[in-house]
Every structure is written in C-alpha cells, then in structure tokens.
Amino acid sequence: MILNVNPDEKIKNKICNNREYTRRELKKFLLDGFSGFIDNIIFYDNFQLFKEKVNEHREDFVLNFDFGYKSRIRNMNVPAFCENYNIKYFNPDPYVQVLCQDKFMTKKFAENFKIKTPKSLLVFSHSYRKEQLKGFQYPLIIKPNYESESIGITQQSIVSDIDQAHSLIKHLLKDFDGILIEEYIAGNEIAITMFGDLDNLFFEEAELIFPNEGKFTYKAYTSEIKQHIAIELKKSNYLTEDDHMNLKELYYNLAPNKLIRIDGRIKDSVFYLIEINANPGLYPKSVVPKTFKINGFTYEEMLKKLFSCFN
C-alpha cells in the first residue's frame, strides 16, 4: 500500500499546494478493512520508500495513494513504475491515468461514445487572449485542467461575465499549467461508480446532496465543500438506457475491471460528463464507499469486492 503522508504530523489538511496528501487515518481504515481476507499488508508512507524496496515486492499487489507533485503526468508515476517491474497493481494503467488527469481530453474521449459534455476551451499562458472568452454562455466554471480532488476549484471559480472570467484565468495561470474554461451546467450532480467486467459489472449512479447554507452560491463540489462538509449521497435514476449503454462502452474501452468514478450533471433530463476520476478515494466518507454503502455494502464488503478478484 503506497500512501502519501505529510511528514508534518501537525498538518491535517489533505490537500496542500497542488499536491494531494493521504489522511493519516486512512491507513487504519484500510488495515481494518483488508485484515479479514488479506494476510500480509505493508504500508509505505511515500513512493520513494517503495522504490527503494521494490525488489521485495515483485510478486505482490500494489494499491497506490501517492499521486506525486505538480505535473501533467503525476498520476501515472506509480502505475508506470509497476509496469516496468511487471508488478500487479490495482489502479488503472498509465494511459488512463494521463487521459483522465487531462479534463479537456477526457471530454473528447467521452464524446466518441455519444456522451455529451459542456462546451469548453483549454488555454495556456503563452497563447491565452481575452477574445477567446466570447461566444460562451455564462456562467462559466474555470479550473486547472490537470488537477483532481477539486484542487484550484472554489465557489469563486464560477463566474458570471467576461471580465470576471478574464481576471480569474490570469490569476490561475500564475500557478497552473493549462486552464479549462467550461460552460457551467446548473443541474443535479451525480457520480457513477463503475467496476468489473462484462459478466459482473458494478454500475451505480448516486446524486450528491449539497448543503443549503446560504454562503455557497453554487451547488457544485468545490474545495470548500469537499474539504469541510460531509456530502450526503442518495440513489438516483436520472440516466437513460442510452446513457447506460454509452457509459458502459466508454468504460470497457477505457478501464475494464478497474475502479473509476464518472462525475456529471443532469440538465433538462440530459447527462453531461464533467470528468472521470481514475483514482477515486477509498476513505469511508468519499463518494465511492458511500455509493457502495447505499447499495447495501459495508466498507469491508466493498474492499473485498474490489480486491478479491486479484487474490
């Protein structure tokens, strides 16, 4: 088990300066959850420690929670390393990691399977011009293209006019490589958890229930909500038969038998894909464990389902 634990025990934040840290309590949850069906579990607090001991694990199975530093390819580091050493691992392969880390290219991939996505544009510091903001329907949501875990996405990321958009883009380009401009879809937010194969596919849709507190202008899964408020989920049934077929085709052509989460919104009964998460969280309060929970699985039963096929 490769984690990414902040060496400073006083710091409790999961996210810090474009890097995702693993919550310390996750180690205990995983250890307790796996102990019923896995005999020998070894934890490394960071990827470097694992690399130093790699020859001791050539026949083992790796679950990764260390996604590196600020980089367009940081999510692929551990899977690519395991590929090079022919070590089995749980997370999707390096290609899927890079594709899903790139929100813009993820949408292009999804459109190939007749899945709708919001109108968007990817801009960079060396070529961005304010004129590029014309022709969009406002409000827009503006976010780093290569990040996950709502890094760089706040309530202020949703802007109502071209001047606000221009100011925010200029600010974000100081810290992030590539900014995604996207028309904001005002609708019900859903998360689709997928894992399995043609014979046994876990495909479940759940709606995120946002707080009704007035301080949040938009009901979007921004960092303020993600880090400080426990989001509730409920089973939902917005997806049509065509949506199911299209999403399954995407899954089988992208990451069969690997765990992924697809985030989207429903507007006027139409599903819009927002992003694909190739490394969804397994912390008990994360979306995927909660999706399993509302479908009758305990945390331990979820882990056994996800990992028993690799034993």
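The values are calculated or read from the model by the stated rules, or taken from the named source; none is laboratory data. Keep in mind the model is a prediction, meaning the values are calculated, not measured. Neighbour counts run over all protein chains shown; Cβ positions are idealised from the backbone, glycine included. Ligands, DNA and RNA are excluded from the accessible area calculation, which covers all protein heavy atoms including side chains. Shrake-Rupley method; radii C 1.70, N 1.55, O 1.52, S 1.80 Å.
Tell me yes or no: at least one residue of the stretch 145-159 is among the polar types (S, T, N, Q), open to solvent by 10 Å² or more (accessible area, probe 1.4 Å), farther than 22 Å from Phe67 by Cβ and in contact with a helix residue (DSSP H, G or I) (Cβ under 8 Å, 6 or more places away or on another chain). There is at least one residue in the stretch 145-159 that is among the polar types (S, T, N, Q), open to solvent by 10 Å² or more (accessible area, probe 1.4 Å), farther than 22 Å from Phe67 by Cβ and in contact with a helix residue (DSSP H, G or I) (Cβ under 8 Å, 6 or more places away or on another chain). Assess whether Gln137 counts as being closer than 26 Å to Arg265 by Cα, surrounded by fewer than 21 Cβ atoms within 10 Å (Cβ to Cβ), out of contact with any Leu (no Cβ under 6 Å at 6 or more places or on another chain) and without any contact (Cβ under 8 Å) to a residue 12 or more places away in the chain. Criteria not met by Gln137.
Hey, does the stretch 6-28 have a residue that's in contact with a helix residue (DSSP H, G or I) (Cβ under 6 Å, 6 or more places away or on another chain), open to solvent by 30 Å² or more (accessible area, probe 1.4 Å) and either at pLDDT 90 or above or among the charged types (D, E, K, R) (or both)? No, the stretch 6-28 contains no residue that is in contact with a helix residue (DSSP H, G or I) (Cβ under 6 Å, 6 or more places away or on another chain), open to solvent by 30 Å² or more (accessible area, probe 1.4 Å) and either at pLDDT 90 or above or among the charged types (D, E, K, R) (or both).
Residues are listed down the side, and each one gets a yes or a no for (1) exposed (fewer than 15 other Cβ atoms within 10 Å of the Cβ); (2) over 28 Å from Asp8 (Cβ atoms); (3) of a type in the set (Ser, Thr, Tyr); (4) under 22 Å from the mean Cα position of the chain (by Cα):
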position: Asp45; (1), (2), (3), (4): no, no, no, yes
position: Gln48; (1), (2), (3), (4): yes, no, no, no
position: Val54; (1), (2), (3), (4): no, no, no, no
position: Lys70; (1), (2), (3), (4): no, no, no, yes
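Condition (residue is open to solvent by 10 Å² or more (accessible area, probe 1.4 Å), more than 16 Å from Val123 (Cβ to Cβ) and in contact with a Phe, Trp or Tyr (Cβ under 8 Å, 6 or more places away or on another chain)) applied to the stretch 167-178: is it met by at least one residue? No. All conditions but one from (1) over 16 Å from Lys258 (Cβ atoms); (2) open to solvent by less than 10 Å² (accessible area, probe 1.4 Å); (3) in a loop (DSSP other than H, G, I, E, B) apply to Pro92; the one that does not is (1).
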